[in-house]
1. Looking only at residues in the range 191-236 that are in a loop (DSSP other than H, G, I, E, B) and touching a residue at least 60 places away in the same chain (Cβ under 8 Å), which one is surrounded by the most Cβ atoms within 10 Å (Cβ to Cβ)?
2. Tell me which residues, restricted to the range 148-177, are part of a helix (DSSP H, G or I) and more than 17 Å from Gly75 (Cβ to Cβ).
3. Would the range 260-269 turn up any residue that is of a type outside the set (Gly, Ala, Ser), in a loop (DSSP other than H, G, I, E, B) and farther than 21 Å from Asp184 by Cβ?
4. Can you tell me which of Ala58, Ala98, Ala63 is of a type outside the set (Val, Ile, Thr), surrounded by fewer than 17 Cβ atoms within 10 Å (Cβ to Cβ), farther than 22 Å from Val130 by Cα and touching a residue at least 24 places away in the same chain (Cβ under 8 Å)?
5. Would you be able to tell me the number of residues in the range 178-190 that are buried (at least 22 other Cβ atoms within 10 Å of the Cβ) and either part of a loop (DSSP other than H, G, I, E, B) or not hydrophobic (A, V, I, L, M, F, W, C) (or both)?
6. Just checking, how many residues over the range 15-45 are in a helix (DSSP H, G or I), among the hydrophobic types (A, V, I, L, M, F, W, C) and surrounded by 15 or more Cβ atoms within 10 Å (Cβ to Cβ)?
7. Give me the residue from the range 211-250 that is over 21 Å from Phe141 (Cβ atoms) and among the polar types (S, T, N, Q) and, out of that set, farthest from the chain's Cα centre (by Cα).
8. Filter the range 162-182 for residues that are hydrophobic (A, V, I, L, M, F, W, C) and under 16 Å from the mean Cα position of the chain (by Cα) and give the result.
Amino acid sequence: MARDGVQAYWFSQLADREGKDYEALVPEYLAWTAEAGFSNVESNLAYCATDESTEAFAGKLRAAGLGLAGLYAGGAFHADGAAAAVQAILDQAARAKAIGCPGITSNPDPIGREKTDAELANQASALNDVGAGLAELGLFFGIHTHAPEMSHNAREFRHNLDRTDPATVGLCADFHWMYRGGSDPYALTERYANRIVSTHLRNSVEAVWAEGFCAGDLNYGRIKAALDAAGYEGPLTVEIAWEGRTPNTRPPLETLRLSRQYLREVFGV
């Protein structure tokens, strides 16, 4: 299976910028992805909420000639309703597998403050349940992270990995969120390289998210070396994201093409 892919988050930003309906534009965005030379997309697991929605999504993928690098979900795993969040993912993942999804990435919901030890323990238990259930389906499970989990020496990030089963619970390594959250992405990559089952690839230039995936603040050659040393062979998923000072100098299709070129230059895929 081809390893290259694009995370769909940026497409929602494009639609918002133009004041247009995102879902109406998904076929066009998928067509751009394929035209730029990508093989896969990572989108939202919610597309697999029902048999009908799953088939509709699969039809859009087929029309564009794209596969899936994975699907993404959140979940209130720290809370009393964690069991329901776990079951929702497993139900949707069974449908996702049927349309060729190799695995699920999930970011435990942030709550606007640091989670307590008890909440983190509850979260780890729920993540283990997700991982075990997905393993039975033959799918990978990778915990994703944003900035909140990286505070206080990556307390929540480390807890999520150190208190879960390495056999079934992996890491979706989003290197720039590690960096922006105040941690050392190279050290964390080396420490947890054997847990990585998926990746999100973004860069910034002078601390501002770049227009596309390109050379910048993070040394992706160094990250590739760490992944290679661990024998990583999973998805390499470009995740473009824009913020207030991100340049906007070219058409989106060109940004995708240049991002695909840089992915090939660095990772050889």
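1. Residue satisfying both the conditions and the ranking: Pro235.
2. Matches in the range 148-177: Met150, Ser151, His152, Asn153, Ala154, Arg155, Arg158, Asp162, Phe175, His176, Trp177.
3. Checked against the condition, which is being of a type outside the set (Gly, Ala, Ser), in a loop (DSSP other than H, G, I, E, B) and farther than 21 Å from Asp184 by Cβ, the range 260-269 yields at least one hit.
4. Exactly one residue qualifies, and that residue is Ala63.
5. Going through the range 178-190 one residue at a time, the tally reaches 2.
6. Looking only at that region, the number is 8.
7. Once the filter is applied, the top-ranked residue is Thr249.
8. Result: Val169, Leu171, Cys172, Ala173, Phe175, Trp177, Met178.
A short reminder: the numbers here are calculations on the coordinates, not readings from a lab. All values reported here derive from a predicted model rather than from experimental measurement. Neighbour counts are summed over all protein chains in view; Cβ atoms, including those assigned to glycine, are modelled from backbone coordinates with ideal geometry.
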